[in-house]
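Only one structure is covered here, and it is reproduced in the block below.
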Amino acid sequence: MNLNQWFEKGLTAEQYIAGMSVNKAAMNQILEQFSLSSEERERLAPLKGKGLKVIALSEDWCGDALLNNPILLKIADEIDMDVRFLLRDQNLELMDQYLTNGTSRAIPIYIFINKDGEEQAVWGPRAKHLQDLVDQERSKLPAQDDPDFTDKQKAMYKNLVKSYQVEDKLWHAVANSICDKLIG
């Protein structure tokens with residue numbers, strides 16, 4: 001399938017959100033509270049009306065999707081960009097073309113295409129600032145063979161997801177990272 005066909009196969013934002021069983025309230029909270037800054041709007045202005053579309057490979061259980069998807073939706077609203085969601089685990093044929101570091105099915109992955117279905121940019125799964133934060137938190141974990149590793153790792157991810165829900169600076173780090181990728 002070409003990218004336009006993948007796009008057409010996808011769920012609208014409304015369908016994706018309606019079908020969520022995990023992280024729905026938290027994602028909607030960010031969607032309601034986040035607004036693009038005037039600088040972000042200015043940066044995005046040249047993309048308005050360009051006919052861009054985006055395929056979002058995602059899953060509702062993903063903490064990074066919980067943070068990134070509402071930011072993507074705000075950007076899409078700003079530039080009149082159509083968004084379609086594809087569930088990663090049901091679309092591995094496409095997912096495997098966009099592996100992180102060539103090996104990982106990390107999500108979300110956003111594939112930006114023009115009206116002709118040509119790839120314009122790919123973003124994901126995290127903004128650099130967020131990846132640095134995750135790496136910093138991981139560095140504090142004990143060795144994997146430590147009996148406390150699993151519990152401490154779960155607690156670390158739980159705390160990260162909490163910060164994703166409330167820290168405005170993280171929201172703007174994601175928005176600016178997506179803008180950087182889109183604008184080039």
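Coordinate-derived values only; no laboratory data. The structure presented is a predicted model; accordingly, all values stated were derived computationally and were not measured. Virtual Cβ from ideal backbone geometry, glycine too; neighbours counted across all protein chains shown.
Laid out as a table, the results:
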| quantity | calculated |
| --- | --- |
| For the range 145-184: rounded, prolate or oblate by the Cα gyration tensor [a/c cutoff 1.5] | oblate |
| With Cα atoms, 0 to 90° folded angle of helix 168-183 axis to the chain main axis | 40 degrees |
| By average C-beta atoms within 10 angstrom, highest first, the peptides 169-181, 95-107 | 169-181, 95-107 |
| Alpha carbon convex hull of the range 42-133, projected area averaged over orientations, nm² | 6.3 nm² |
| Tail fraction, Cα-Cα pairs, the range 114-161, threshold 15 Å, whole percent | 57 percent |
| Shape call, the range 60-109: gyration tensor on alpha carbons, a/c limit 1.5 | prolate |
| Paramagnetic reach from Q15 in the range 86-106 [backbone N under 12 Å; point 7 Å along Cα→Cβ] | 86-87 |
| Cα-based equivalent ellipsoid, the range 21-89: semi-axes from gyration tensor eigenvalues, Å | 23, 15, 8 |
| Ellipticity estimate at 222 nm from DSSP helix runs (n ≥ 4, -39,500 (n - 2.57)) divided over the chain, nearest 500 | -16000 deg cm²/dmol |
| Given K128/K154; K50/K128; K48/K154, the pairs whose alpha carbons are separated by over 30 Å | K48/K154 |
| Degrees, to the nearest 10: 24-33 long Cα axis against longest axis of the chain | 60 degrees |
